1. Where does each of 476, 78 land when they are ranked from fewest to most other beta-carbon atoms within 10 angstrom?
2. Please report, in debye to the nearest 20, how large the charge dipole of the chain is about its Cα centre when each Lys and Arg carries +1 at its beta carbon and each Asp and Glu carries -1 there.
3. Of the listed peptides 330-340, 239-249, what is their order by residue-averaged count of other C-beta atoms within 10 Å, with the highest listed first?
4. Between residue 66 and residue 165, what FRET efficiency follows from the Cβ-Cβ distance if R0 is 22 Å, with the result rounded to 0.05?
5. Over segment 236-307, what is the relative contact order in percent, taking alpha-carbon pairs closer than 8 angstrom and at least six residues apart?
6. Fewest first, what order do 307, 312 take by the number of other Cβ atoms within 10 Å?
7. Could you tell me the relative contact order of segment 48-180? Use alpha-carbon pairs under 8 Å, at least six residues apart, and round to a whole percent.
8. Check residue 6: other-chain or 5+ apart residues with amide H under 5 Å from its amide H, H built from backbone geometry?
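FYI, it's all coordinate maths here, none of it is from the lab. Everything numeric here is computed off the predicted structure, so don't read it as measured data. Methodologically, a virtual Cβ is constructed for each residue, glycine included, from the backbone with ideal geometry; neighbour enumeration extends over all protein chains shown.
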Amino acid sequence: MTAHPKNIVIAGGGTAGWIAAAALARKMGQLVNVRVIESEVIGTIGVGEATIPPLRTFHKLLQIDEQAFMRATAATFKLGIQFENWGDIGDSYIHSFGVTGQQSWLAEFVHFHLSAKARGFQGDYGDYCFELEAARQHKFATSPKSNIQYAYHLDAGDYVEFLKRFCSALGVVRTEGVIEHVAQHDNGDIKALHLQDGDIVEGDFFIDCTGFKGLLIEETLNTGFEDWSQWLMCDSACAVQTQSTQPAPPYTRAAAHHAGWQWEIPLQHRVGNGLVYASRFMSDDEARDTLLKNVKGEPLTTPKTLRFKTGRRKQAWNRNCLALGLASGFVEPLESTSIHLVMMGITRFMQLFPHSGHDPALIAEYNSQTQAELERIRDFIILHYHVTQREDSPFWQQCKTMDVPDSLAERITLFKAQAHAFQKQNELFRVDSWTQVMLGQGIAPTHFHPAATMLTDEQLQNSLKQQRERVLAAVKQLPEHADFVKGYCGAMRGE
């Protein structure tokens, strides 16, 4: 028998609201009725235009056609992020999505790389990663049989419109309106949303996608917020879109400056740019001037300044309300995790769906999993700021000397001493991610696994040579990224 459908009301649209609506409507079918309340009067942040590989899996789950999605959003492919000036001024490395080197059950590839380095062999750690080398050479191709690891750069506004069309075909109801009042039941649960035009929208469950405001989760339910700004000091961003001046590379750029960093996200028809900064160390005017000075193409929009606070709601799920996107917290855009956290949030909710009412055990489990996921991502972001040789500004001096969470301090100590990086259960960032960033920002491990010394110089050198040759041969077969994009998913635009 089909259960009586639950009425799910999503407060706020934007990327978070429409991802949630798409997932619920596609995967839960007749179990739910989905309604999105949004207003064209209230804008969205809409600058998060870089993603990570799990979005591909999520799209497959929702049966979204990749080429249609990419055409609609003027998307390009992303193989990783190029970090510039993070370990020290002038440094550059790529954090790629691929697996590096030949794996061993006894020791990760990094131990063999370090053994080779100790013996005087030449070669960068990234030389043995197919995706990283493809990014360096601006090469790319994919097919249904391909196992290349990649994500996308996309137009955030167009992505929302794409999801709206997708949701409309699935029966999701959109209501235009501004929420004026949130009504509660006697027990404190949310009962209904009262709109300015007098409409009253009741529901069984409410999803808060109202951004930093947190209209339901915070202003109504007083859930509480855990502030992480003692570790992640950046609290502002200035964003602008510019004309493209060169073929789009298959990676995001993240270039550090004296009070934060600047992003560059290449789309088919333009480039998204933004300067992330700590307002204690850089004024809004300086940020705007610095951004406009550093961009490569002519601005297409007026620079827009945004404020944010890093941290998380103490409960992402409280009573009959779930917070997604910025309403649930924010861990700055450095590793492009914002859309991923929305996807995981709604996926986890569907798996723990409150079909018989909001069971406290379900809520506790959801919040426990969400907290663990967020804290591990938080640690990975802090790593980029803390592991640095930069002392050229008060911002970087404080980043370098600050106390970090114990969970991160333990990881850094273990890698420094023994070259061990690891991925915990259900953790987003893999061993290769931690290793690439730690090596890229200047950590030189004191020791490595003795298994790497069991190979003779000749054996190790031949193994590394063969691995490097395989990578180069595979990348050589790829077309230029820009050429592949044009043929595979070229967007028809007037720009």
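1. 476, 78
2. 1140 debye
3. Result, highest mean first: 330-340, 239-249.
4. After rounding, the FRET efficiency stands at 0.85.
5. 45 percent
6. 307, 312
7. In percent, rounded to a whole number, it is 37.
8. 32, 33
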